[in-house]
1. Under a point-charge model restricted to the Cβ atoms of Lys and Arg (+1) and Asp and Glu (-1), what is the dipole moment magnitude of the range B:327-407 relative to its Cα centre, in debye to the nearest 20?
2. Estimate the FRET efficiency between B:D26 and B:E154 by the formula 1/(1 + (r/R0)^6), using the beta-carbon distance for r and 51 Å for R0, to the nearest 0.05.
3. Whole Å is fine, so just give me how far the alpha carbon centre of the range B:1-28 lies from that of the range B:191-264.
4. Using θ = phi - 60° and the Karplus relation 6.51 cos²θ - 1.76 cosθ + 1.60, list the HN-Hα couplings for the range B:211-224 in order, rounded to whole Hz, with x at every Gly or Pro.
5. Once the Cα atoms of helix A:155-167 and of chain A are each reduced to a long axis, what angle between those two axes, in degrees from 0 to 90 to the nearest 10, is obtained?
6. At most 15 other Cβ atoms within 10 Å and a DSSP loop assignment: could you name the trypsin sites (Lys or Arg not before Pro) in the range B:1-87 that fit?
7. Using θ = phi - 60° and the Karplus relation 6.51 cos²θ - 1.76 cosθ + 1.60, list the HN-Hα couplings for the range A:107-123 in order, rounded to whole Hz, with x at every Gly or Pro.
8. In the neighborhood of B:I389, defined by Cβ-to-Cβ distances under 15 Å, what is the net charge if each Lys or Arg adds +1 and each Asp or Glu adds -1?
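Nothing in this text is a laboratory measurement; each read-out follows from the coordinates by a stated rule. Keep in mind the model is a prediction, meaning the values are calculated, not measured. Neighbour counts are summed over all protein chains in view; Cβ atoms, including those assigned to glycine, are modelled from backbone coordinates with ideal geometry.
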Amino acid sequence: MSVLVNKNSKIIVQGFTGSEGTFHAQQMIEYGTNVVGGVTPGKGGQSHLDRPVFNTVADAVNTTGADVSIIFVPPAFAADAIMEAADAGIKVIVCITEGIPTKDMMLAKEYITTKDCRLIGPNCPGVMTADECKVGIMPGFIFKKGTIGIVSKSGTLTYEAVDQLTKAGLGQTTAIGIGGDPIIGTTTKEAVELLMNDPETEGIVMIGEIGGSMEADAAYWIKANGTKPVVGFIAGQTAPKGRRMGHAGAIIGGADDTAAAKMRIMSECGIFVVESPALIGETMLKALGRD
Amino acid sequence: MNIHEYQGKEILKKYGVRIQDGIVVDTPERAVEAYRSIAERTGSKFVVVKSQIHAGGRGKGQIQGLEQRGVQVAKSPDQVREIATNLLGNVLVTHQTGPEGKKVNKIFLAEDAYYPGASEPKEYYISILLDRAKGCPVIMASTEGGMDIEEVAEHTPEKIIKEWVDPRVGLQGFQARKIAFAFGLSGNAFKEMVKFITSLYTAYWESDASMFEINPVLKTSDDKIMAIDAKVNLDDNALIRHPELAIMRDTNEEDPLEVEAGESNLNYVKLDGNVGCMVNGAGLAMGTMDLIKLSGGEPANFLDVGGGANAKTVEAGFRIILKDPNVKAILINIFGGIVRCDRVATGVVEAYKAIGNIPVPIIVRLQGTNAEEGARIINESGLKVYSAIEFKEAAAKVTEVLKSLGL
């Protein structure tokens, strides 16, 4: 078991023939992911990476039966791509694009609530189910099939956690990069909930950062509904107020969205909070009683 | 992106929001001219002289070394000249600038809005910003105009009204009326307030703003509603479709190192610690700053070199970090996913040689794709660089280096 994507997922790539789309589609295919085709408007009918190219997502879905889409479309057109995927009946939409205007995301997020789909991202490293399916840009070789699920706002911090879990001998079920933008499709709480309900996942790593209230919301949910140990880290303990730290969403506005405030709430809700990102793996071993 | 009050007011004016109008100038002579023109138009001898810097608290702020506040009312050309001379080119310190303050390069001369009349002038607070949790804009309004909204929220939260806007249909009339009624307004002032809020929302939405904060919103003695101040923050991601707003950027308000880093496509934020860092990915960069602190140092900066770290970006990163005189050591932390560690290592060695003598110890932690090869390149380079593979190891090396420096 796993969540969101597995070896049976049929994936299409939006922005397939662009340089980013091409590079990462190739990496996904090499990992064994079932990429069934791609979409580039105007290039329908062509073949790329030995897979068919379609003009529209609807054409791709009708022909291939795709149920998952990954988006590598430039920021100005990415919200449109998300809505197109939702309209065509794609169930899991993963948007990698960074830099989408907030207004576009506000409208796209509202639009997809009327469709039967889940959006992951934008501005995220994607979703990866170890040894089965890579729908994203995470380096495949650091993953090892195992029992820990990961939810993270950050790309490279996810890799850090994955690597530590692999070295701790725990491995991963699914890693979900939810993205670092102020408006994202799947919240920390929703992603944690998916993993909490996954029978193969025995523990969850939750990586957040300054800005917003998603980690606190997830923590309260975990306190009320959690059945598995959760190890948490919040990046930005040393970040100053009012400055955007790389990610559009990583900015401290008030007292509630500092790392300290989030870490305190998470601890109070029974999450194993680590101060150092270097301690994620060993703390998970402790949390599972296997140290 | 932050903009100045006078620029925020330009946007408001364009969308039909009544503002306390004025003229922006950068010399005392032009200030006097502006005073005469405003006094002639309004028939009042009162004009407000306002420092234009990207920080709040200007009214209570003090010019360094002078008995001069950041905002002052003037009632004669001579007084305007004196105030302008005190402000322009000098450093204003407010509770938001920090003790180093900000240099005043421009001043805004605004017409008198608090003139006597049939009713008492009254101040309100209105802001529009993104509610991240709800994924839509929220209007926050309060009768406590002129006060710091965070203080109002802490002490009298019941005095803050919130109205969430459905982005698909925009602000509805009933929502604007709700706020105007909650302010206790009637007659012409009520109508003016509804129009004010409606136009303000349009300005916010159409300019892809992240925030519009109008504090205070003034009801004048003759029942007009106008924006006395405007604090505006625009969505950086949307500037590409607003060239007319993008040119409002004032790099004088930014840290020069941050401006320089931006030109090299590096995401750099200057902090005041002693250990510089260079990292790929924003989350890991923040995590690395935190690790520096836990290892006994203080981060000197945030620096995300992005997914394509190579010799050129590494060199640019080094040059920026080394310009900060507080930096006593540098930690490079790269988790190579798509990026190959051996390439980054080669980049570090090349950058090191290109710069010549780097006077501070460097700790390089390369993990991920070809990490061992990367470590070998660093170790065999003959450079005075500490190499690490595990994150924990890097932390220990930082502590070791800081101890050896007596820090």
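1. With only Lys, Arg, Asp and Glu charged at Cβ, the dipole is about 240 debye.
2. With R0 = 51 Å, the Cβ-Cβ based efficiency is 0.85.
3. The distance from the Cα centre of the range B:1-28 to that of the range B:191-264 comes to 9 Å.
4. Working through the residues one at a time gives 7, 10, 10, 10, 8, x, 8, 10, 9, 7, 5, 10, 6, 8 Hz.
5. Roughly 70 degrees, rounded to the nearest 10.
6. Passing both the DSSP loop test and the Cβ count: B:K45, B:K60, B:K75.
7. Working through the residues one at a time gives 6, 5, 5, 4, 4, 6, 5, 8, 10, 8, 7, 10, 9, 10, x, x, 6 Hz.
8. -1
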